[in-house]
Amino acid sequence: MTPMRILHILDHSIPLHSGYTFRTAAILREQRARGWETHHLTSPKQGRVDVSSEVVDGLEFHRTPFVENEPPVLGLLRQMRATERRLEGLAARLRPDVLHAHSPVLNAIPAIRVGRRLGIPVTYEIRAFWEDAAVDHGSTREGSARYRLTRALETWALRRVDHVFTICEGLRADIVGRAIPADKVTVIPNAVDIDNFQLSGDPDPVLRAQLGLDGATVLGFVGSFYAYEGLDLLLAAFPAMLAQRPDLRILLVGGGPQDANLKAQAAALGIADRIVFTGRVPHFEVSRYYDQIDLLVYPRHSMRLTELVTPLKPLEAMAQGRLFVASDVGGHKELIRDRETGRLFTAGSASALAETVEDMLANREQWPTMRAAGRHFVEQVRNWKNSVAHYEPAYRTLLGRHPAAPKVNQSQV
């Protein structure tokens with residue numbers, strides 16, 4: 001039997017580091033493990049590239065030439081047109097069974113146009129709605145004309161693709177609420193490749209001394225400092241925590257748009273000497289910093305983005321046997337069983353965060369059971385083999401509706 005041939009259209013990919021690129025790489029590897037043939041195109045959002053394609057970690061990515069995003073509307077139109085031209089050339093040569101566009105909608109629209117011209121079914125995978133991400137990053141306001149236009153564009157695309165994939169039940173409910181038939185939407189849950197995660201180890205004493213953490217109990221966060229992550233709430237809650245436990249320190253590993261604001265907040269609260277900002281660290285070094293943290297904190301604020309979208313970080317923490325507290329936004333509640341695989345606290349409440357952290361620190365005898373439960377959850381449920389299996393019924397249905405396009409010989413590609 002000829003293997004299914006899937007052409008993925010992506011915003012960006014490895015070697016760039018983000019939750020988006022890591023999820024993509026995991027999906028592609030697991031699809032290939034199932035015997036499917038995958039090809040991959042990135043949009044101009046990959047940035048300036050000097051090659052038309054490159055192999056990264058065994059995966060070949062075709063690149064679209066960089067296009068400036070200025071002026072804003074015209075720049076986006078130019079980006080979509082560039083993606084469409086590159087995609088049409090690839091699709092005409094490869095003749096895939098399915099064009100699989102991944103969010104944002106800037107990738108879905110070129111895929112729809114090319115799919116119609118070439119007679120190839122199109123699927124659209126939404127990891128977050130473009131309009132909601134734009135609200136958090138400050139480029140638009142919820143309810144504004146730009147927000148409504150962007151939302152309408154997403155809905156337009158959802159109604160025209162052959163099938164929709166998304167990452168969680170929160171997003172699925174929103175999609176179905178836009179009058180998209182429920183049987184047209186499939187959830188591909190966030191997951192982890194358990195083989196890529198080792199159980200946490202003892203902290204490196206040399207690094208601990210360098211960070212000034214000797215003798216401290218360490219709360220921490222590793223990732224990008226976006227406003228929705230709620231790190232400002234962690235700092236706001238910290239003085240009350242210090243009053244009970246003077247040995248506490250916070251280790252913040254990473255960087256991002258909120259970096260300067262967080263440092264200013266720490267100074268204003270008089271806790272700057274108890275907060276360690278490492279800046280971004282090389283990916284291969286991240287586990288050494290994780291090992292310095294006694295308790296991870298994921299204090300996401302409640303907003304549409306965090307209520308609808310499930311993050312990867314709690315799953316990665318469970319895979320490593322790490323303990324965490326997290327706000328009770330919808331995206332967290334879909335992943336975390338309170339007091340079993342992690343702890344939840346009332347989103348937006350500094351006092352609830354402080355109380356939950358104190359309860360965790362005061363009951364360390366419960367930690368081994370919680371670690372084991374989290375690891376079991378990702379081993380048995382939230383792994384990529386389970387998640388990627390959900391693509392097959394939708395793909396097979398589309399192949400049944402669309403006659404197979406003639407394939408070119410692989411030597412011609």
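The values are calculated or read from the model by the stated rules, or taken from the named source; none is laboratory data. Everything numeric here is computed off the predicted structure, so don't read it as measured data. Note: ideal-geometry Cβ built from the backbone for every residue, glycine included; neighbour counts use all protein chains shown. When the accessible area is computed, the model is the full protein with side chains, heavy atoms only, and any ligands, DNA or RNA have been set aside. Shrake-Rupley method; radii C 1.70, N 1.55, O 1.52, S 1.80 Å.
Some values worked out for this structure:
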quantity: Solvent-accessible area, 1.4 Å probe, carbon plus sulfur percent, for the stretch 49-208; calculated: 52
quantity: Shape category assigned to the stretch 249-328 from the gyration tensor of Cα positions, a/c cut at 1.5; calculated: oblate
quantity: Surface accessible to a 1.4 Å probe, per residue, for the residues of the chain, Å²; calculated: 43
quantity: Alpha carbon Rg of the stretch 165-317, scaled by the compact-globule rule 2.2 N^0.38 Å; calculated: 1.22
quantity: Built amide H within the under 5 Å cut-off of H8, gap 5+; calculated: H39, H40, L41, H100
quantity: Nonlocal amide H pairs with A326, under 5 Å, H built at 1.01 Å; calculated: Y298, R343, L344, F345
quantity: The stretch 339-383: mean projected area of Cα convex hull, nm²; calculated: 3.5
quantity: Check: the chain dipole with +1 on Lys, Arg Cβ and -1 on Asp, Glu Cβ, in debye; calculated: 1680
quantity: All lysines inside 21 Å of K385 as judged from Cα atoms, apart from same-chain residues fewer than 8 positions distant; calculated: K313
quantity: In sequence order, calculated HN-Hα J values of the stretch 305-320 (Karplus, 6.51, -1.76, 1.60; Hz; x Gly/Pro); calculated: 4, 7, 6, 9, 9, 8, x, 8, 4, x, 5, 5, 5, 4, 4, 9
quantity: Per-residue HN-Hα couplings for the stretch 383-398 [Karplus 6.51, -1.76, 1.60; θ = phi - 60°; Hz; x = Gly/Pro]; calculated: 10, 5, 4, 5, 5, 5, 4, 6, 5, 4, x, 5, 4, 4, 4, 5
quantity: More than 18 angstrom apart: percent of Cα pairs within the stretch 1-120; calculated: 48
quantity: The chain - Rg over Rh from alpha carbon coordinates, Kirkwood radius; calculated: 0.99
quantity: Over the chain, relative contact order from alpha-carbon pairs under 8 Å, at least 6 apart, %; calculated: 15
quantity: The chain: most fluctuating residue of G89, G255, G115 per GNM, C-alpha cutoff 10 Å; calculated: G89
quantity: Cα-based equivalent ellipsoid of the stretch 286-395: semi-axis lengths in Å, sorted from largest, via gyration tensor; calculated: 25, 18, 12
quantity: For the chain, calculated [θ]222 nm from helices alone, where every DSSP H run of n ≥ 4 adds -39500 (n - 2.57); calculated: -13000 deg cm²/dmol
quantity: Ranked packing of 361-369, 77-85, most packed first, by mean Cβ within 10 Å; calculated: 77-85, 361-369
